[in-house]
Amino acid sequence: MAAKVFEGLGKLGLGLAVAGGVVNSALYNVDAGHRAVIFDRFRGVQDTVVGEGTHFLIPWVQKPIIFDCRSRPRNIPVITGSKDLQNVNITLRILFRPVTAQLPRIFTSIGEDYDERVLPSITTEILKSVVARFDAGELITYLPSGQSVLLQLPQ
């Protein structure tokens, strides 16, 4: 009699463990300040962006790709020329974040490491075009060491 009770408890425990594993693989968390894009093995990247919280997905079919949507700093050193052809060594510090509605498009066209691929080239070109407007004396006068300047990037 006791053996049958333990055998029944063992089967129940095994069933609960399997069910718990399936439920656990069907849940994912999106932390505060992050957004998720769902990749479906059959339909590709879905156009919806998932907000913060705990969400369901189809295990082994869907995969969440989590993006950090908080403003993050990045320092980019650039050696460029001034208006009077002097070499200028300048570091640009930018704050960036992705547009959350565009995350599926960013993921499909650029990838998860969009900041490593896009930001250095864009910021280098913009900084070179701005620095080229001034000669070295004007840059020293207008930009003392450690002073920050706000440059608004075009949309």
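The values are calculated or read from the model by the stated rules, or taken from the named source; none is laboratory data. Worth saying up front: this structure is predicted, and the values here are computed from it rather than measured. Cβ atoms come from the backbone with ideal geometry, glycine included; neighbour counts cover every protein chain shown. All accessible areas refer to the heavy atoms of the entire protein, side chains included, with ligands and DNA or RNA removed. Shrake-Rupley method; radii C 1.70, N 1.55, O 1.52, S 1.80 Å.
Tally up the residues in the stretch 63-87 that are open to solvent by 20 Å² or more (accessible area, probe 1.4 Å) and either of a type in the set (Val, Ile, Thr) or farther than 23 Å from Ile122 by Cβ (or both), please. Final tally of qualifying residues: 7.
Against the definition (within 18 Å of the chain's Cα centre (by Cα) and within 14 Å of His34 (Cα to Cα)), how does Arg117 come out, yes or no?
no
Among the listed residues Ile58, Ile38, identify the single one that is touching a residue at least 24 places away in the same chain (Cβ under 8 Å), of a type in the set (Val, Ile, Thr), out of contact with any helix residue (DSSP H, G or I) (no Cβ under 7 Å at 6 or more places or on another chain) and part of a loop (DSSP other than H, G, I, E, B).
Values: Ile38 fails: part of a loop (DSSP other than H, G, I, E, B).
None of the others qualify; the one that does is Ile58.
Filtered by the rule that a residue be in contact (Cβ under 8 Å) with a residue 40 or more places away in the chain and in contact with a Ser or Thr (Cβ under 7 Å, 6 or more places away or on another chain), the stretch 62-86 gives Ile76, Val78.
Looking at the stretch 62-113 only, could you name the residues that are part of a loop (DSSP other than H, G, I, E, B) and within 20 Å of Asp135 (Cβ to Cβ)? Of everything in the stretch 62-113, those that are part of a loop (DSSP other than H, G, I, E, B) and within 20 Å of Asp135 (Cβ to Cβ) turn out to be Ser82, Lys83, Asp84, Leu85, Gln86.
Listed conditions (1) at pLDDT 75 or above; (2) loosely packed, with under 14 Cβ neighbours inside 10 Å; (3) not in a helix (DSSP H, G or I) are all met by Thr141, apart from (3). Of the residues making up the stretch 20-36, those that are modelled with pLDDT under 95, small (Gly, Ala, Ser) and surrounded by 11 or more Cβ atoms within 10 Å (Cβ to Cβ) are Gly21, Ser25, Ala26, Gly33.
Residues of the stretch 39-62 being open to solvent by less than 70 Å² (accessible area, probe 1.4 Å) and in contact with a strand residue (DSSP E or B) (Cβ under 8 Å, 6 or more places away or on another chain), which ones?
Here is the first cut: in the stretch 39-62, the ones open to solvent by less than 70 Å² (accessible area, probe 1.4 Å) are 40, 44-46, 49-51, 53, 55, 57, 59, 61-62.
Selection gives Asp40, Val45, Gln46, Val49, Val50, Gly51, Gly53, His55, Leu57, Val61, Gln62.
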